[in-house]
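Taking it in order: structure first as structure tokens, then the write-up.
Values in this text are rule-based calculations from the coordinates and carry no lab data. Everything numeric in this text was worked out from a predicted model, so none of it was measured. Reconstructed Cβ throughout: ideal geometry from the backbone, glycine too, with neighbour counts over all protein chains shown.
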Amino acid sequence: MRWAAYAVPAMEYVESVLTVVERIPPGRVMTYGAIAEYLGRGGPRQVGTVMARYGGGVPWHRVVAANGRVVPGHEEEALQRLRSEGTPLRGDRVDVHLAEWWPD
DNA sequence: CGATTGACCCTTC
DNA sequence: AGAAGGGCCAATC
């Protein structure tokens, strides 16, 4: 059965992405581009696709766009959680400049 | 192989 | 500060 109606990256890539997202500590966020760069593979779009399909089991709210925009379709929930964790927010957006985190 | 699509990113107006 | 266009990578039809 085709779980996805569109292109889905290799399982290995998905695994890597989810692992990185799980490593993001509370109060910090990571951008799609950052994840893609850290993995050194694919691009922001692949990461986004992975999150859309398989992001249900990880703190997806800690993954934001480069401009600080939170996940579309779940802004309220994401903002609420981020606020709870003490993530630097700038109104309805995340202050990526301060909150962006990179794995060691 | 060409066209299409997607939780994107960057430059420019 | 917001909108538009072009580029990006991988997979499916």
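Okay, here's what the table says:
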read-out	value
Within chain A, longest stretch clear of exposed chymotrypsin sites (Phe, Trp or Tyr not before Pro) (DSSP loop, no more than 11 other Cβ within 10 Å)	A:7-104
Net charge, residue A:10 excluded, C-beta distance under 13 Å - Lys, Arg +1, Asp, Glu -1	0
Cα long-axis angle, helix A:11-23 against chain A (0 to 90 degrees, to the nearest 10)	20 degrees
Quotient of C-alpha Rg and 2.2 N^0.38 Å, computed over chain A	1.02
Chain A: angle of helix A:75-85 to the longest principal axis, Cα-based, in degrees nearest 10	60 degrees
Theoretical ellipticity at 222 nm over chain A - DSSP helices of four or more residues, -39500 (n - 2.57) apiece, nearest 500	-13000 deg cm²/dmol
Theoretical gain in end-to-end length, residue A:69 to residue A:92 [0.36 nm per residue, Cα-Cα removed]	7.5 nm
Sequence-distant residues sharing a close amide H with residue A:29 (under 5 Å, placed H)	A:100, A:101
